[in-house]
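First the structure, in the form of structure tokens, and then the observations on it.
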Amino acid sequence: MEGAAPFLAMVLARLQQLGLDMAELQADHLCYRVGSAVCYQEMQSELAGLGVLLGKSIVGGRPIATYRLHEPVRVQGQVVDVVELPAPKPGSPYPEGFEHAEFVVAGELEDLLRTHPGLDWDTGGLHKAHNPELRLRLGAASAKFHRTALAELIAAEKRDQA
């Protein structure tokens, strides 16, 4: 997927500059934002040609589609094969492109906070009921950290609905 590898490389470089140990993090997925409903439909078609739809759910009143790519993105030993595509929120336009990368943490999220107390952590998602998260803003992009891979959450939701 065009632009995915450079985006992931930039996120990884920033995290390394901030002192995070990449050996303790596993890249999970990338989020691609679009600015309109038309672009959302077009990107769904493009992603369907590049991978398999894992699921589509309504989060915050809007659809989010998740795809597993046939050809993973590989950067610095990290392999990402999942892309999340949220529909735009009405009245909240986003520039089109990759917005964030998410990583699975081997330990507890609180360990990241204790190990890196000087970083400007966004802890707003730490108390989410499903897959709590931490976020670091990296300029126009961000990195999010959680305990469970997105594909695992989608598979669990499908099992629960069956």
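Nothing in this text is a laboratory measurement; each read-out follows from the coordinates by a stated rule. The model shown is predicted, which means the values in this text are computed figures rather than measured ones. Glycine gets a Cβ as well: all are built from the backbone with ideal geometry, and neighbour counts include every protein chain shown.
Computed values, structure above
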quantity: Between helix 37-50 and the chain: long-axis angle, C-alpha atoms, 0 to 90°, nearest 10; calculated: 80 degrees
quantity: Cβ-defined net charge surrounding Ala140, 13 Å radius [Lys, Arg +1; Asp, Glu -1]; calculated: +1
quantity: Helix-only mean residue ellipticity at 222 nm for the chain, each DSSP H run of n ≥ 4 adding -39500 (n - 2.57), per residue, nearest 500; calculated: -9000 deg cm²/dmol
